[in-house]
Amino acid sequence: MIIDLRSDTVTKPTKGMLEAMMTAQVGDDVYKEDPSVNALEQRLAKLFGKDQALFFPTGSMANQTALKLHTNPGEQVICDKYAHIYNYEGGGASFNSGISCKLIDGHRGMFSAEQVEASINPPDFYHSPLTSLVEVENTTNKGGGACWDFEELKRIRKVCDTHGLGYHLDGARLWNALVNTKETAKDYGQLFDTISVCLSKGLGCPIGSVLIGDHDLMQGAVRVRKILGGGMRQVGYLAAAGLYALDHHMDRLSVDHKKAKEIGHVLENLSIIRKVEPIETNIIIFELEPHVDESEFLKQLSDHDIHIIGMGSNKLRMVTHLDYTDDMHNKLLEILNDF
Ligand SMILES: *Cc1c(COP(=O)(O)O)cnc(C)c1O
C-alpha cells in the first residue's frame, strides 16, 4: 500500500469516471462540435452565473489566458508573493503576456484591500508599469489551503472598480473553499471578472481546467488558447470526466478536509514538529524542529511507502484526496504516532 500525499493531482479515474469517459459523445472541439465539452462549459458558466466557459488542458493555461485577456505587454498584475501564477507557472506571466507581478507580502497567500490599494501604481506616473489586474487564489496553495474571507474579496472588488482594474480568481481549489464556507459559485461569479477552476485536483479528473467569464472578456479566450497550443479535438472524453466529477466528487471533499484535520492533530503532538499551520481544507503544511533533518524525515516516511513533499526551509506539505483511503489514513496515523 503506497500512500501518496504529495498532491491531490495524483488521483486516478474511478471506475464510474472511466465508464463515463468511455461512453462519452465526442466531436471536434476546435470546431466547437464536441457535445461533452459544450455541456461541461455550459454547465460551469451557468453554475457561476457567467456568459461563457472554456475548457483547458491545465490550470496554468487557463490562468495564463486570463492574464493575457486582462493585460497589455508592459503592464503589471498585483498578486500575493505565494501566488501560483508567480511561483509555479514557469514565468508564463512575462513569457506569454510580457507583464510583471507586483507582489504583496500577505498572510498565508491572502491580503487586504488596503494592501491592494497601496500596490497600485499611479496611472499617470509613466515611469512605473501600468497596473491593470488584481489576482487572488482561493484556496491558497502555498498558503496551506487557506480560505479567503469573502468580505475582504468584496472590498478588493471595490478597489478594482475605483481604479478600473480587472479581477481574476485562480480557483484551482475553489471547490474546497465552497464546501467549507457558505458562499456559492454564483457569489464568486458575481464578484470576479474571470475565474479558473481545476477538475484535476480534488475532483479527481485525470486532466482539465475551465476558465469562466462574461462575453466581453471571453471572446478573445479561444484565440489565446489556440496560440498557447491548447485547441484540442475529441476532448469530450476528458470533459465527460469533469461532468462525472461535478456530479459525484464534490460533496465528498469534506471527507478530505476531515482527514487533513485528523493528520494535523497527530502532527501537533509530535516533539519533532515545531509548528502545524491551521488546517482549513485538504492541505497540511508543517515545520520540523530545526534540529530534525528534513531529508532524513522524508526517507523514514518513504521507507513506510509514505510520500509527501518538502517545500524548503524545513517545511513540508501533505495533501489529502480522493485516492487516500480510510485504510491508508489509519496506517498513516499509526506510523506518525510512532515517531
Ligand atoms: C494546481 C494549480 C494550478 C494549475 O496547475 P496545473 O498543473 O497547470 O493544472 C493553478 N493554481 C493553483 C493555485 C494550483 O494549485
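Bear in mind that the values in this text are calculations on the coordinates, not laboratory data. The structure displayed is predicted, hence computed values, not measured ones. We place every Cβ from the backbone using ideal geometry, glycine too, and count neighbours over all the protein chains shown.
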Q.
Suppose the chain between Q25 and K186 were pulled fully straight at 0.36 nm per residue; how much longer would it get relative to their current alpha carbon spacing?
A. 55.1 nm
**Q.** segment 197-264, relative contact order [Cα under 8 Å, separation at least 6], %
**A.** 38 percent
(Q) At 0.36 nm per residue, and after removing the present C-alpha to C-alpha distance, how many nm does the segment from R233 to K81 gain when stretched out fully? (A) 51.1 nm
Q) Which of I104, I335, I212, I227 comes first, and how do the rest follow, when ranked by fewest Cβ neighbours within 10 Å? A) I227, I335, I104, I212
Q. Considering only DSSP beta bridges with both partners in the chain, what is the antiparallel share in %, to the nearest 5?
A. 55 percent
**Q.** Choice from K154, K261, K226 showing the highest fluctuation, given a GNM over the chain with Cα pairs closer than 10 Å
**A.** K226
Q | Expected-Rg normalisation [2.2 N^0.38 Å, Cα atoms] applied to the chain | A | 1.01
Q: Once you have the Cα-Cα distance between V292 and M250, take 0.36 nm times their residue separation minus that, and quote the gain in nm to one decimal.
A: 11.3 nm
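Given the pairs K46/K102; K102/K258; K46/K158; K226/K315; K186/K258, which span a C-alpha to C-alpha distance of over 30 angstrom in this model?
Going by Cα-Cα distance, K46/K102; K102/K258; K226/K315 fall outside the 30 Å limit.
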